[in-house]
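Structure record follows, encoded as structure tokens.
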Amino acid sequence: MKSLIVTGAASGIGRAIARQFAAEGWRVAALDIDTENLAGLEEDGVQAIGCDLSDEDSIRAAVARAGFARLDLLVNNGGPADPASGPIEAMSLADWNHWIAPHLTGSFLMVRECVPALRAARGCIINMASTRAFQSEPDTYGYAAAKGGLVGLTHALAVGLGPDIRANAIAPGWINSAGEALSEAAHAQHPAGRVGEVQDIVQAVAYLAGAGFVTGQVLTVDGGMTRKMIYTA
């Protein structure tokens, strides 16, 4: 039976990944700081584990509790989703680390703890980056830096841990994780004709998990938006 650890699994993309892989017969450990919403996953046969990705001891304890001697897939998906930081001159170091610590440092720590089990299974790592690693809105400094750092970490892991372990990243664009009712204009601006859904990312995870000749890559899943020139007259 294959095994998966996914972080940021209490809601949205992470939750959908955990549920889908558990439904396909994988052993799944789902980590999140939000233990109240995480607990509902146990009904889907998922092991729910509280974990603070900004805390080294919490990560170490969570991976130990998962108890996988062999790990086929690690998905680093956790961290705050809201990218807005406000003006950079008003940001404190704590504000900066609000994004850097869980998204980037937390991913490094998860990989470090999971390497022996990943190596034993010749498994793979998928880091959840973002199209914000390549383009920005104003006042999103910490989030953009964290996601850009994940892109760099991904190819470093691919080269440093290969050939035993593959490492790739996914860069989602606008994903309607909450299932909100969106305007026609929101959908129509995408070359694909719609805003993304969590299942689009789940499918990308499934592809990379089985793509044995793909490593060190970033798979952009954004409905074509990063290929679209946008000018205003």
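Points worth noting:
- Those helices (runs of 4 or more DSSP H) of segment 82-194 in which 2 or more residues are over 28 Å from Gly50 (Cβ atoms) and either aliphatic (A, V, I, L, M) or without any contact (Cβ under 8 Å) to a residue 12 or more places away in the chain (or both) occupy 141-161, 184-188.
- Among (1) open to solvent by 30 Å² or more (accessible area, probe 1.4 Å); (2) under 24 Å from Ser11 (Cα atoms), the one test that Thr140 misses: (1)
- Taking the criterion of being surrounded by 18 or more Cβ atoms within 10 Å (Cβ to Cβ) and over 15 Å from the mean Cα position of the chain (by Cα), the residues of segment 146-178 that qualify are Leu157, Ala158, Leu161, Ile165, Arg166.
- Filtered residues of segment 57-81 (kept if open to solvent by 20 Å² or more (accessible area, probe 1.4 Å), of a type in the set (A, V, I, L, M) and either under 19 Å from Lys2 (Cα atoms) or touching a residue at least 24 places away in the same chain (Cβ under 8 Å) (or both)): Val63, Ala64, Ala69, Ala81
- Scan of segment 157-182 for residues that are among the small types (Gly, Ala, Ser), more than 18 Å from Ser130 (Cβ to Cβ) and modelled with pLDDT of 95 or more, ordered by number: Ala158, Gly160, Gly162
- Number of positions in segment 28-56 that are open to solvent by less than 20 Å² (accessible area, probe 1.4 Å) and in a helix (DSSP H, G or I): 2
- Test: residue in segment 197-208 that is more than 20 Å from Glu24 (Cβ to Cβ) and open to solvent by less than 50 Å² (accessible area, probe 1.4 Å): no
- Residue list for segment 1-27, restricted to those being in a loop (DSSP other than H, G, I, E, B) and crowded, with 21+ Cβ neighbours inside 10 Å: Gly8, Ala9, Ala10
The values are calculated or read from the model by the stated rules, or taken from the named source; none is laboratory data. Small disclaimer: the values here were computed from a predicted structure and weren't measured. Glycine also receives a Cβ, built like all others from the backbone with ideal geometry; neighbour counts cover every protein chain displayed. We work out accessible area using only protein heavy atoms, side chains counted, and drop any ligands, DNA or RNA first. Shrake-Rupley method; radii C 1.70, N 1.55, O 1.52, S 1.80 Å.
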